[in-house]
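Encoded as structure tokens, the structure appears first; notes follow it.
The values are calculated or read from the model by the stated rules, or taken from the named source; none is laboratory data. A quick note: this is a predicted structure, and the numbers were derived from the prediction, not measured. Note that we place each Cβ from the backbone using ideal geometry, even for glycine, and neighbour counts take in every protein chain shown.
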Amino acid sequence: MGADRNGLELRILVAASTRADAAVSRAVLARAGFAGAVCTNPDEVCCELERGAGAVVLSEETLSPARFGCLADWLGRQPPWSDLPVVLLARGGPDSLPHPVGGLGNVIVLDRPVRIATLVSVLRSALRARERQYQIRDHLAERERAQEALRQAHAGLERRVEERTAELRETQAKALRAERLAAIGQMVTGLAHESRNALQRCQSCLSVLGVRLADRPELTDLLDRMQVAQDDLHRLFNEVRDYAAPINLDIGVCDLAAVWRQAWEDLEPLRQGRGASLVEASAAAHTRCLADAFRLKQVFRNLLENALGAGADPVRVVVACAAMEMDGREAVRVTVRDNGPGFAGVDTRRFFEPFVSTKAKGTGLGLAICKRVVEAHGGTIAVSDGHGPGAEVLVTLPRRNR
Amino acid sequence: MSRRTHPLRIAVADDEQDMRMFYQELLPPLGHQVVAVTANGRQLVEQCRSTRPDLVITDVRMPDMDGIAAAAAVNRERQVPVILVTAYHDVDLLACAGAGNVMAYLTKPVKPVDLQAAIALAVQRFEHFRQVSEEAASLRQAVEDRKVIERAKAIMVKRLRVDEEEAFHRLKTVASNGHRKVVEVAQAVVATNDVFKGLDWI
């Protein structure tokens, strides 16, 4: 039961015209067990109505024009569920009333003199009706709340559908991109493969030409230059294939120091006749990790080759190795630093993208391949934005792959 | 161009005209003779039969019998070292190249220096391979001979009531007198014993 939530809603408001009437009314209400308020002043009734009432009892003499207006106004403003019972005590029946009482809505007119028992019985039935109205009010409120909840659930559902649709669209776009990249990768790998036959035909003709023109030494230079171009093209295709082909790591225990030393050894032809030194600054215990030594050698060779190509003699490359943590896992960081001009004034953001090169010569795939290999190991590669002179590249690898 | 391999008679196969010209003109300066120039595997097998080359250099992918099948066919008739030259990384194909005496593998584009190194390597490896095979064959023969001699000795110990040392000595004497090998005499003893089986001769 929702009725009488604050103890005021089932009150009977009585408008008494005299003190004596008021006293009698109070006594009657008390005896019948009604909660009530007896008002003697015209404004009081309207005030009390605002706080809550189960029924109103009026007599014709209390129905002055001012009070009638205020009451009619209040009754007219009732919410749809509310129909406040008004008991009107009239000496000559309904016809004796000074105002048309239809405007007061749910009016019960009792002829005076009224027997107390009759009045109590009428009031009881009025309160019961009022109680029923309160129930309807609560029911409506309940329904409103349920509807609101439903509306919110609906809105939430719509939002989720929208979110999911957006997610799906994003996933689809990603899949499409990945598919396209895979197709490009396949095409490039195929291209690099197919190019071998064409390269071989070129090479065959070039070699035969060399034999046939052996007695024309003035043409040797031209042939040599063609051979250099042919070798460059061959190398480019190899690197493109390397970059595009899937990386299958052959993981094993790997001493990084041994790997970069081997890479440095491999660059011997490039270092010949130059003043270049490799300086190691690391504790031996730090250089072991699980990795593909062959692939990492490729990474170091590219980095060291860049260092050799960057500066004038004497080139000094410092390789340092330190233990660190990466996403809560044990990792090892190798820093390769040279004494060349460094990256000052160079846009390093696109450094690791394919075909971005700062060198006049080179395919622009070296660092892109490095990035691919390092990322295949679950590691990262970055250029240091250190301020000192010289370029610095940081390679971070987890000690255990996955 | 350091140490030269001794002059070889070489058969080549490639479906590319340019590649055949390459072999024909570049192998002679390296000190070799091109005895057969073919465009597919079938031709290669046929020409190897008549020219009997010291070395075969063949492309892998060719129409009318690929290089690997041709290498195997050639080697069924006569043992010859083979160098495979291909434009592809045919790892799977190579797995079935065992029967063909493939001694080296080159990926196109191939330069004369690559060819020179591969030829040296292939010849060396094949020579080594042949030595090892011969050694194995002779060891196998020695084991077989030994078995026959042991059987002959056992027969003589039983029939002639002599000890093993005496039996072996007699075998050697008979062999030396008749200018025969010990194993031949031993075979005669075993054969005689088989013929006279059941006869109680002294």
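Some observations on this one:
- Filtering the range A:241-249 for residues that are at pLDDT 85 or above and among the acidic types (Asp, Glu) leaves an empty set.
- With respect to the conditions (1) under 29 Å from B:Gln131 (Cβ atoms); (2) crowded, with 17+ Cβ neighbours inside 10 Å; (3) not hydroxyl-bearing (Ser, Thr, Tyr), B:Glu77 falls short on a single one, namely (2).
- Residues (in contact with a helix residue (DSSP H, G or I) (Cβ under 8 Å, 6 or more places away or on another chain) and surrounded by fewer than 20 Cβ atoms within 10 Å (Cβ to Cβ)) located in the range B:41-53: B:Arg42, B:Arg49
- Residues of the range A:300-324 classified as at pLDDT below 85 and of a type in the set (D, E, K, R), total: 1
- Considering each residue of the range B:168-186 in turn, none proves to be surrounded by 12 or more Cβ atoms within 10 Å (Cβ to Cβ), in contact (Cβ under 8 Å) with a residue 40 or more places away in the chain and out of contact with any Leu (no Cβ under 9 Å at 6 or more places or on another chain).
- Residue in the range B:164-173 that is modelled with pLDDT of 90 or more, in a helix (DSSP H, G or I) and within 14 Å of chain A (Cβ to nearest Cβ) present: no
- Residue match in the range B:102-113 (condition: closer than 19 Å to B:Ile10 by Cβ, part of a helix (DSSP H, G or I), within 14 Å of chain A (Cβ to nearest Cβ) and modelled with pLDDT of 90 or more): yes
- Here is the figure for the range B:140-167: residues that are among the β-branched types (Val, Ile, Thr), surrounded by 15 or more Cβ atoms within 10 Å (Cβ to Cβ) and under 38 Å from the mean Cα position of the chain (by Cα) total 3.
- If only residues of the range B:1-13 that are modelled with pLDDT of 95 or more and within 23 Å of A:Cys205 (Cβ to Cβ) are counted, the one that is farthest from the other protein chains (Cβ to nearest Cβ) is B:Ala11.
- With respect to (1) within 14 Å of another protein chain (Cβ to nearest Cβ); (2) among the aliphatic types (A, V, I, L, M); (3) in a strand (DSSP E or B), the lone exception for B:Met19 is condition (3).
- Residues satisfying the criterion are present in the range A:249-257 (criterion: over 41 Å from the mean Cα position of the chain (by Cα), more than 14 Å from chain B (Cβ to nearest Cβ) and in contact (Cβ under 8 Å) with a residue 12 or more places away in the chain).
- In the range A:176-228, the residue that is surrounded by the most Cβ atoms within 10 Å (Cβ to Cβ) out of those that are within 13 Å of another protein chain (Cβ to nearest Cβ) and closer than 18 Å to A:Pro246 by Cα is A:Ala192.
- Checking B:Ala118, B:Ala99 one by one, the residue that is in a helix (DSSP H, G or I), of a type in the set (A, V, I, L, M) and at pLDDT 90 or above is B:Ala118 and no other.
- Some residue of the range B:88-95 being of a type in the set (Asp, Glu), within 21 Å of A:Asn197 (Cα to Cα) and in a helix (DSSP H, G or I): yes
- Pick from the range B:22-38, criterion over 25 Å from the mean Cα position of the chain (by Cα) and crowded, with 19+ Cβ neighbours inside 10 Å, ranking: nearest to the other protein chains (Cβ to nearest Cβ): B:Phe22
- Residues that are in contact with a Leu (Cβ under 9 Å, 6 or more places away or on another chain) and small (Gly, Ala, Ser) were ranked within the range A:245-268; the one that is farthest from A:Thr287 (Cα to Cα) is A:Ala263.
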